[in-house]
């Protein structure tokens, strides 16, 4: 067991079961976003939480722009966490960009993973000919520019857009705090790696089964992108959640738990 990696990524392992489930957080967030979900699985599974380098309580001194300029660096980090714990047949539940990070990780180490469950994930956020990703280039450029010039205003703008649930303003406030807890430079580089990526051509090479869980109303990932994702994977299930916003594991944890349990690849052991 490589304790350096476990410390680097602030890895937490709980649960009484043998089947490992890794819960991977999205951009701007951390493992705390999964708190309302993971407690349900502790009785029957081995639950693994971690923070990407540069996020949450991970070791920021381990961050390297050279390594993490693309999602491949984050995928390698996920693999290192799994290997440090000697995990096998891993199920990954990945929110947002972690859906694509887990896909890249499975491509690099296909024998390590049993199933990928993707929550509000997208292979490309930019619109393209015949493809609706939800953002134009000027939208992304404007966001990146705002992150650089006024990080506080960027967080104040993005949080309610992503949270979506206007009748629950506390969700936006909590997400704003999460966003502001990030290092400005690292967060901007992670945003570039996330929002400028195009992994559509990689989907067809995924060798493990995938479950795509899409909120019914998500400002960040439109339905078209989720449908494209599910259609391009060789083996996939598409679930439309009764949940609004880009963070359904926070706003509607019961709905997310319901479908993880329904589609999980193995029974609890």
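No value in this document is a laboratory result; all are computed from the given coordinates. Not measured: the values here are computed from a predicted model. Cβ atoms come from the backbone with ideal geometry, glycine included; neighbour counts cover every protein chain shown.
So the values come out like this:
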| quantity | calculated |
| --- | --- |
| Selected from 232, 255, 201 as most flexible by GNM, with the chain as the system and alpha-carbon contacts under 10 Å | 201 |
| Residues 256, 266, sorted so that the one with the fewest Cβ neighbours within 10 Å comes first | 266, 256 |
| Where only C-alpha atoms are counted, convex hull volume of the chain per residue in Å³ | 112 Å³ |
| For 173, 229, 119, order by how many other beta-carbon atoms lie within 10 Å, fewest first | 173, 229, 119 |
| Highest-MSF residue in the chain out of 62, 230, 84 [GNM, Cα springs under 10 Å] | 62 |
| Among beta bridges that DSSP assigns inside the chain, antiparallel share in %, nearest 5 | 15 percent |
| Ranked 68, 52, criterion: other C-beta atoms within 10 Å, fewest first | 68, 52 |
| Listed residues 210, 13, 22, most fluctuating in the chain (Gaussian network, C-alpha, under 10 Å) | 13 |
